[in-house]
1. Could you say whether any residue in the stretch 74-88 is β-branched (Val, Ile, Thr), under 26 Å from Ala221 (Cα atoms) and touching a residue at least 24 places away in the same chain (Cβ under 8 Å)?
2. Of the numbered conditions (1) on the phi < 0 side of the Ramachandran plot; (2) outside the structural domain of Phe387 (by TED's automatic domain parsing); (3) not polar (S, T, N, Q), Gly251 fails exactly one; give the number of that condition.
3. Mind checking which pairs have a first residue in the stretch 369-385 that is in contact (Cβ under 8 Å) with a residue 40 or more places away in the chain and surrounded by 19 or more Cβ atoms within 10 Å (Cβ to Cβ) and a second that is among the basic types (Lys, Arg) and assigned to a loop (DSSP other than H, G, I, E, B), Cβ under 6 Å, 6 or more apart or different chains?
4. Determine which single condition Cys162 fails, assuming it passes every other condition in (1) touching a Ser or Thr at 6+ places or on another chain (Cβ under 6 Å); (2) at pLDDT below 95; (3) within 27 Å of Gln26 (Cβ to Cβ).
5. What pairs come up if the first residue lies in the stretch 403-420 and is in the same structural domain as Gly368 (by TED's automatic domain parsing) and of a type in the set (S, T, N, Q), the second is surrounded by 12 or more Cβ atoms within 10 Å (Cβ to Cβ) and in a loop (DSSP other than H, G, I, E, B), and their beta carbons are under 8 Å apart, counting only those six or more places apart or on different chains?
6. Any residue at all in the stretch 293-314 that's in the same structural domain as Arg386 (by TED's automatic domain parsing), under 17 Å from Pro365 (Cβ atoms) and of a type in the set (Val, Ile, Thr)?
7. If Val471 satisfies all but one of (1) touching a Pro at 6+ places or on another chain (Cβ under 7 Å); (2) closer than 30 Å to Arg113 by Cα, what's the number of the condition it fails?
8. Do you know which residues across the stretch 1-22 are farther than 19 Å from Leu246 by Cβ and part of a helix (DSSP H, G or I)?
Amino acid sequence: MTQKVLAGRADDPELKGELVRVKVDQVILAREPQRVLAEALHAGMKKCAVEVAVAYDTRCVTSDGAETAGDRVMRAALGTGLLLSRPGIGFPAPVHLERFGSPARLALTDEPRLAAVGGAGMLTLVSAPSQLAEALSTGAIWLRPPRSVQVLLSGRIRPFVCVRDVALELVRRGLGDTIQRVDREHQAPVVVEFAGPSARLLSVPDRAVLAALGPHLGASAAVFVSDEKTEVYLRDQRRSKAHRSLVPDPGAPCDDVISVDLSAVDPLVMDEQGVVRPVRELAGKPVVQVVLGGDTGASLRDLLAAAALLKSKRVPPRLDLLIAPPSRQALEVLAHSGALVDLIATGARLIEPDQRLVTGELYPPPAGGVSLRTCDPEPSAPLDRRFVVASAETIAYAVASGTVGDPRSFKRPVRVTVPRTLPTDDVLIVRKTKGKGKAEGEGGKPGLSTPPPPVGWTGAATLAVVKERTVPTAPSAMLLTSLDAVRWAARHASDLGAPLRAVIAEHVPAGMVPVFAALGIAAFTTDAATMKKLAQEPSLSLPAPGGTDVVAMAGTTKTELRWSAVGAERAWTEAGTARGSTATAKPAR
């Protein structure tokens with residue numbers, strides 16, 4: 001399915017080059033839209049070159065109402081055809097799934113959590129700011145042809161088991177190890193493709209919960225089949241014209257297959273250390289905080305089920321029940337159905353859909369008990385922000401009893417029917433106002449901030465060796481000891497700025513290498529023994545760029561590193577940006 005999406009958009013439909021140039025349908029900005037838009041406007045963009053470009057303002061809770069340069073950039077970009085989603089509309093992934101998700105299309109984003117849109121059959125890849133600016137300006141981008149791992153779903157989910165439990169079962173079954181093996185073998189990004197007879201039984205919001213799992217396990221994206229369920233979902237959203245069928249061809253090749261029987265899945269949790277365990281192993285532990293909802297952890301059906309299970313019950317004295325509806329649409333449905341009244345009567349507090357909730361910056365887990373949440377944890381989260389991931393029905397049992405326990409103890413399952421008539425008013429999506437001339441800032445762009453100048457790997461350099469999750473103040477090479485650490489570095493690379501010049505790990509997923517390269521950060525891999533030696537050295541001397549294997553000096557010892565970038569990605573690393581890049585497609589080795 002992934003190859004189908006890309007082949008119809010690529011200059012080389014056979015996808016045989018190291019890098020191929022493909023047409024982009026959508027650009028989704030959710031983490032740092034101001035930087036991407038400033039770069040695109042500074043380069044002279046007059047009109048967005050993609051079908052849909054959306055920027056999400058995810059900071060609902062603010063302490064200073066003063067206008068910033070970023071606000072002026074966002075207003076100026078409205079004149080180019082950009083859509084701006086105002087605070088309060090919801091978390092980017094579920095909102096985009098509802099209002100813009102389109103099967104068999106290619107979208108670029110700066111937020112890994114947008115992989116959830118793959119539940120509607122849309123391929124969503126993470127890119128660096130300069131790549132996103134290039135896509136906005138030209139409508140195309142260079143990327144590595146991905147490989148695929150197929151997950152075949154069979155059977156039916158049993159009562160009191162949610163799709164979130166299925167996602168945790170895939171983590172426990174070693175899907176992440178399979179993804180990493182295929183990535184290492186082919187030096188290519190991996191996309192998880194969900195198919196099988198039971199994939200057609202899942203609703204699109206439930207599919208989104210599973211698709212959001214991809215980046216958590218090191219995949220570049222995840223995508224579901226697009227079938228009659230997708231068509232019905234889009235019709236309910238009043239977007240039936242967006243539907244396209246997307247199914248795997250019989251006998252289509254893939255690099256590995258994992259089969260999961262949904263009827264064999266039990267209620268599971270992921271503890272603070274990231275280990276998936278049966279709920280019974282944590283049974284009896286006191287719960288002090290619950291966050292129901294969030295970005296991609298619970299569908300509307302899950303929220304309605306939790307409300308039904310908690311009806312006429314009361315929150316225990318030492319437990320905080322926080323409700324974060326994933327989208328404004330979900331909030332309206334909860335209100336009209338009476339489920340929101342039931343949750344508030346239980347003792348729930350309604351909180352705004354601020355993206356800092358899922359990172360733990362807002363409402364961090366309190367000490368002295370378990371914090372249960374439905375959303376995925378942040379990569380390499382600090383110890384004071386770690387929580388237990390569970391399904392909505394497991395959380396409902398925790399609220400009812402005050403302790404972790406198996407939701408099957410409710411004994412009587414609830415029947416939930418999601419309304420077919422959904423509110424689709426886009427009142428919080430700002431579009432360019434017609435008939436009022438140019439948008440403020442269009443043309444000369446007065447008052448707009450200049451994007452930071454690119455800094456690349458242009459010659460020999462001596463870098464300080466720093467540990468993961470360190471904010472460097474001088475040119476540095478960061479050692480990354482786990483996949484979560486690599487994900488953290490990729491997520492924060494643009495925030496860390498020019499001091500971060502290289503990252504070194506045993507494995508850097510191929511989908512993250514272009515993100516580093518487009519910021520001028522060299523991505524190296526080496527073995528575990530070399531990583532241990534480097535951790536003992538204060539600095540590392542790199543030669544000028546050239547060749548795949550790099551011989552660096554750590555103290556007085558020669559150290560061999562492998563440069564993960566290929567083709568034009570090396571030119572991006574040297575230039576510090578992917579803007580205005582060119583590449584020559586080379587045959588795959």
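1. The answer is no, given that none of the residues of the stretch 74-88 is β-branched (Val, Ile, Thr), under 26 Å from Ala221 (Cα atoms) and touching a residue at least 24 places away in the same chain (Cβ under 8 Å).
2. (1)
3. Note: pairs meeting the criteria are Val370/Lys285; Ser380/Arg469.
4. Of everything listed in (1) touching a Ser or Thr at 6+ places or on another chain (Cβ under 6 Å); (2) at pLDDT below 95; (3) within 27 Å of Gln26 (Cβ to Cβ), Cys162 misses just condition (3).
5. Thr403/Ala283; Thr403/Lys285
6. No: zero hits.
7. For Val471, the failing item is (1).
8. Hits for the stretch 1-22: nothing passes.
The values are calculated or read from the model by the stated rules, or taken from the named source; none is laboratory data. Worth saying up front: this structure is predicted, and the values here are computed from it rather than measured. Virtual Cβ from ideal backbone geometry, glycine too; neighbours counted across all protein chains shown.
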